[in-house]
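> First, the structure itself, so that you have it in front of you.
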Amino acid sequence: MSSSSSRGSAAAPTPSPLLNLPGGVAAEAPDEGVAAHYGDLFKEQRALADGTGFVDLSHRGVVTVSGEDRLSWLHLLLTQHVEQLPAGRTTEALILSANGHIEQALQLVDDGTTVWMHTEPGKQDELLSYLESMRFFYRVEIADRTPEVAVVHLPAGSIADVPGSTLAVQETPHGRDLFLPRGELTGFAAAHGPAVGVLAHEALRVEARRPRLGMETDHRTIPHEVGWIGSAVHLEKGCYRGQETVARVHNLGKPPRRLVFLHLDGSEVRLPAHGDAVRLAAEGLEGRQIGFVTTSARHHELGPIALALVKRNVSPDAELVVGPDATAAAQEVVVAP
């Protein structure tokens with residue numbers, strides 16, 4: 001099973017000014033440009049879980065679509081039903097290849113005149129290129145707002161006030177993503193701290209079994225494998241690229257792989273890396289590879305955890321080992337086999 005990733009090799013963004021806050025340690029790819037943590041990973045996780053603090057996501061790309069036809073036009077391109085998307089309501093959507101493979105995963109919100117979306121770091125150029133190629137005669141304006149707009153995340157339960165200068169807000173079950181003028185990041189941090197690094201944000205994402213483009217996906221991932229059917233794919237709309245694959249796999253019920261959640265043996269010092277092999281425990285390191293680790297994290301309550309893609313026919317009861325150290329892993333079903 002391939003463990004190749006679509007994380008890309010875009011140039012690292014300009015470092016966030018919030019990296020200069022006390023304790024700031026720079027994150028590695030794909031989150032270059034913001035802080036991995038500010039000195040206490042578990043304390044930062046607990047802050048997010050308690051609804052306090054914020055996460056600097058200013059390395060993400062920001063794209064807007066405005067114009068009279070913006071929603072009807074995006075409805076033709078995205079997997080989600082957005083033609084009558086109410087102003088202020090956030091939704092998830094994907095862009096697929098002709099073969100149904102995931103190319104973009106987006107959260108978007110319409111403010112009444114403009115659709116706001118943010119992308120994985122460095123993916124905005126690819127998104128812009130595709131949108132421009134599909135503009136045709138539609139009355140839309142597409143813009144890369146990354147240079148002047150930054151994203152910050154407030155966790156669910158946060159009672160922090162939204163600054164008056166906020167350009168847009170995405171409300172999700174996991175919190176709020178604010179689009180702010182990039183020049184106001186430092187002032188926002190002073191008013192809404194403590195700042196929390198992306199490692200804490202990722203640990204809570206893994207705990208919630210939420211997939212991320214380029215981590216839980218590779219060049220051949222389809223939406224059914226990672227649990228995006230329903231939340232990001234509307235099964236009663238057509239007319240988008242890759243829709244035939246979505247319908248066929250949904251009707252047959254047989255995606256080739258499935259996402260699983262792993263509880264890892266806490267005695268190992270090393271966390272499995274993205275792409276590390278998953279094997280059946282009964283076969284050990286000499287056994288065939290039946291999947292690969294997508295994201296691993298150290299959780300403040302659960303200990304070491306991970307997400308992985310495994311072959312669909314792997315028994316949910318099978319004991320697994322991951323990585324070159326054959327770390328023991330107990331699986332929980334995320335996508336049913």
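The values are calculated or read from the model by the stated rules, or taken from the named source; none is laboratory data. Note that the structure is predicted; figures quoted are calculated from it, not measured. Cβ coordinates were reconstructed from backbone atoms using ideal geometry, including for glycine residues, and neighbour counts include every protein chain displayed. Areas reflect the complete protein model, heavy atoms only, side chains present, ligands, DNA and RNA absent. Shrake-Rupley method; radii C 1.70, N 1.55, O 1.52, S 1.80 Å.
> Got a number for residues in region 313-333 being among the hydrophobic types (A, V, I, L, M, F, W, C), touching a residue at least 60 places away in the same chain (Cβ under 8 Å) and surrounded by fewer than 20 Cβ atoms within 10 Å (Cβ to Cβ)?
3
> Among the candidates Arg248, Arg270, single out the residue that is basic (Lys, Arg), open to solvent by 20 Å² or more (accessible area, probe 1.4 Å) and within 28 Å of Ser72 (Cα to Cα).
Arg248
> Look at region 45-60 and say how many of its residues are in a loop (DSSP other than H, G, I, E, B), surrounded by 18 or more Cβ atoms within 10 Å (Cβ to Cβ) and small (Gly, Ala, Ser).
Summing the residues that are in a loop (DSSP other than H, G, I, E, B), surrounded by 18 or more Cβ atoms within 10 Å (Cβ to Cβ) and small (Gly, Ala, Ser) in region 45-60 gives 2.
Yes/no matrix, rows are residues, columns are (1) more than 24 Å from Ala203 (Cα to Cα); (2) not in a loop (DSSP other than H, G, I, E, B):
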position: Ala29; (1), (2): no, no
position: Lys43; (1), (2): no, yes
position: Val65; (1), (2): yes, yes
position: Leu85; (1), (2): yes, no
position: Gly88; (1), (2): yes, no
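> Tell me, which residue of region 119-165 that is under 20 Å from Leu78 (Cβ atoms) and in a strand (DSSP E or B) is nearest to the chain's Cα centre (by Cα)?
Taking the candidates together, the pick is Thr119.
> If you don't mind, there's one more thing I want to ask. So Pro255 clears everything in (1) open to solvent by 60 Å² or more (accessible area, probe 1.4 Å); (2) assigned to a loop (DSSP other than H, G, I, E, B); (3) not polar (S, T, N, Q) except one condition, right? Which one?
(1)
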